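Here is the structure we will look at, set down as structure tokens.
The values are calculated or read from the model by the stated rules, or taken from the named source; none is laboratory data. Predicted, not measured: the structure shown is a model, and the values here were computed from it. Cβ: placed from backbone, ideal geometry, glycine included. Neighbour counts: every protein chain shown. What goes into the accessible areas is simple: the full protein's heavy atoms, side chains included, and nothing from ligands, DNA or RNA. Shrake-Rupley method; radii C 1.70, N 1.55, O 1.52, S 1.80 Å.
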Amino acid sequence: MTYPFSAIVGQERLVTALLVDAVDPRIGGVLVRGHKGTAKSTAVRGLASLLPDIEVVAGCAFGCPPDAPAELCGVCDQPDRTGTRVRTPLVELPIGASEDRLLGSIDLERALADGVRSFEPGLLARAHRGVLYVDEVNLLDDHLVDVLLDAAAMGVNHVEREGVSVRHPARFQLIGTMNPEEGELRPQLLDRFGLTVEVVAPHDPAQRAEVVRRRLAYESDQETFAARFATDERELAERIVAARAQLPSVELSEEWLIRIVEVCAALEVDGLRADIVTARASVALAAWRGATHVAREDVRTACLLALPHRRRRGPFDDPGIDENELDRLLGDDDPRPPDDDPPPPDDDPDGADDDVARRDHEDTTGADTDGPPPTGPRVPQRADATPSGASDPAEEGSAEPADGVPDAAAEDADADQRDRDGREPPNDQGAAPDGRVADAQVTGRPALLTVPNPEMGADGRRSPGPSRRGASAGARPLRAGERPRGQEIAVAATLRAAAPEQHHRRREGAGLALRRQDLRQHVRRGRQGSLIVLCVDASGSMGARQRMSAVKGAVRALLFDAYQRRDLVAMVTFRAGGAQLVLPPTAGVELADRQLAALPTGGRTPLAAGLLRAGEVIATHARRDPARHPLLVAVTDGRANGGPDALADAQRAAMRLASSAVPAVVIDTEQGFVRLGLASELAAMLRAPCLQLDELAAGSLTRTIRVATGRAA
């Protein structure tokens, strides 16, 4: 039994977004961002029970509406069709689904048993006129994202495969939930979500206690718990129906329409979909209140739901809108104050009174105490969000110091002296004090580092190779002892292999006489994802002015590249007494960027410890995910000190990694006219290419470094 939607505590903004999208499905769905345990999936599944029934053609696999001839499929377009009422479908798309399961394909059972070529509808057909829900949507494979983009843009699913040609309507509300720690969405898919909500766990102890209390009661006796909220559930469902009926009579004045497009233009949102979605959401919010005119708070709430994910931003910037800036753009006056709207009903599912909501609104916006209460819950401002218009700390850190930069040769001479005798140079000679945090210089996009591998690998966007869900590049017979997987059977190739043998097998009836040797599996090729392990030298030899800043800029560019290619990233730093894993393998590269920004420098250079710690991270992750191939990126000048045999220890650690066949690349951070070339020697020990810092970004749009062979293409 599903957890009641009206029993959700402390997530008013999430509740508002889902209800608004239910009132007007043309808004385009909702993206729910938040950490684990914030009721994301619970709210989406609870919404399904509130949606009204729909009228469909009896027996239609695509849910066609009987009263709309223009929207009927070829099977339903008959004069004697009859209608029946069914629940609005909520279809869940697993992130590991195959392309055939989503699109639909030939009916394998009928094709092999009866020799009949027929179409088996996929999840897009089941979700037509309903909700398609994707949990952890940011982990969805790229080939499935491409399918969703096509269907969402056209409202039609067109299948051409295995001798089947089918076209059917596929209009659905796309609702996705995601944990931003696991990586972001592709911009094209992100824009397809009409609204977005950033949810956090409530901080109020009383609310948290109520959440736990209700959850324990639900798990103890689901039926009794559901009965407690049956009346609230019924009232919400009736209110959705009433709001849908009210929708055509709600007026969006010309003045408010102009104000909406002015806000979208001022916030520099991409495209015009933001303007359309904001206008529709404003009307839906007014209909939810039972009003006939759109008011300021409707527009304000719609902007907070429809615009944050459409603002231009970098991959490491948090989404969001500065509410003070939004209030300034909207103005304090209502262009056309309605005088015939009824007072807004109490839609707070938790029973909070209007005085509390008004105080929250005043604390956030500074509005007059005589103003109307907000139509939707206020958005909590993220503590780490950068206000619009504020300068990027990374850009500020790239500026030249006022007192000038010492000569590069002098910096390296100081570093060399430090390496020889183990002491730090005076601070006035160009080296940073121990523990100093350097800002990252802005750098370009780096050259593409690839690890071509003939073995099956994890799906991604970095290196070419065999993939489980890539495009089909042919078919092959089953290997000895291999078990056939239904979704990977190449039907056409299997039928072609079996057809010449039917006469010898004395086939009877319409079916085919199949043998195991007839079965063919798809051979798929695509792009593989990697585990990028950054091994960053943060010792005193990196502390010369501007050097660590340039290193951080290069690592930040590598993180940006890993973000776009959906890699996992881990970061190991070494300085002073040893090496430290500052970031375990994760897809949330923005976390690595934050660790990089706070990375101090200073102390000796335990290079061997850093390499060995990186090797341990690679070995540990290989046991958990052997399909994801690693790539070690060592960012160092190759110097090693801190012991009598520090350099020899580092060379032995490098040879140990090379014997384990760990692909690697060395980024040489040594600068100045006097260079020791130790990084090149380290790269030779690792059997890896060695790149200079400036060489990494040179020709970045066309250059590809094939790490596995050490050759630059």
If you roll a 1.4 Å probe over segment 171-283 with all protein chains in place, what percent of the accessible area is carbon or sulfur?
54
Taking θ = phi - 60°, what integer Hz values does the Karplus form 6.51 cos²θ - 1.76 cosθ + 1.60 yield along segment 203-209, in sequence order, with x for Gly and Pro?
8, 6, x, 5, 5, 4, 5
Run the simple label-point estimate for Ala70 and Ala265 please: 7 Å along Cα→C-beta, distance reported in nm.
3.2
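Which FRET efficiency value, to the nearest 0.05, do you get for Ile258 and Arg186 by plugging their Cβ-Cβ distance into 1/(1 + (r/R0)^6) with R0 = 56 Å? Don't skip to the end; give the middle numbers.
Values: r = 32 Å, r/R0 = 0.58.
Rounded to the nearest 0.05, the efficiency is 0.95.
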Simple spin-label model, 7 Å along Cα-to-Cβ: Asp232 to Ser41 in nm?
2.3
Val86-Arg213 FRET efficiency (beta carbon distance; Förster radius 22 Å; 0.05 resolution)
0.05
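Please sort 22-35, 268-281 by packing, taking for each peptide the average over its residues of neighbouring beta carbons within 10 angstrom, highest first. Please report the intermediate quantities before stating the final value.
Details: 22-35: 22.1, 268-281: 19.3.
Ranked by mean Cβ neighbours within 10 Å, highest first: 22-35, 268-281.
Where does each of Trp288, Trp256 land when they are ordered by accessible area, with a 1.4 Å probe and the largest first?
Values: Trp288 20, Trp256 0 Å².
Descending accessible area places them as Trp288, Trp256.
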Thinking of segment 126-255 as a set of Cα atoms, what percent of all their pairs are more than 23 Å apart?
61
Ile106, Ile258, reordered so the largest accessible area comes first (probe 1.4 Å)
Ile258, Ile106
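With a 1.4 Å probe and every protein chain left in place, work out the accessible area per residue of segment 1-103 in Å², rounded to a whole number.
Using a 1.4 Å probe on heavy atoms only, each residue of segment 1-103 averages 40 Å².
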Percent of C-alpha pairs per 5 Å bin, segment 537-679, short to long:
2, 10, 19, 24, 21, 15, 7, 2, 0, 0
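Report, as a whole number in µm² per second, the diffusion coefficient that Stokes-Einstein gives for segment 204-318 at 20 °C and 1.002 mPa s using the Kirkwood radius over alpha carbon pairs.
The diffusion coefficient I find is 126 µm²/s.
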Express the Stokes-Einstein translational diffusion coefficient of segment 1-41 in µm² s⁻¹, to the nearest whole number, given a Kirkwood radius over alpha-carbon pairs, 4 °C and a viscosity of 1.567 mPa s.
114
Hey, can you rank 295-303, 45-53, 7-15 by average C-beta count inside 10 Å, highest first?
295-303, 7-15, 45-53
Mean Cβ count within 10 Å, highest first, over the residues of peptides 619-631, 639-651, 165-177:
165-177, 639-651, 619-631
Segment 21-97: Kirkwood hydrodynamic radius (Cα pairs, Å) comes out at 15.0
Give me log10 I(q)/I(0) at q = 0.20, 0.21, 0.24 Å⁻¹ for segment 564-604, Debye formula, one equal scatterer per alpha-carbon, no solvent.
-0.63, -0.67, -0.81
Using label points projected 7 Å from each Cα along Cα→Cβ, tell me how many nm separate Ser659 and Glu251, to one decimal.
8.4
Residue-level accessible surface for Met685, protein heavy atoms, 1.4 Å, Å²
60
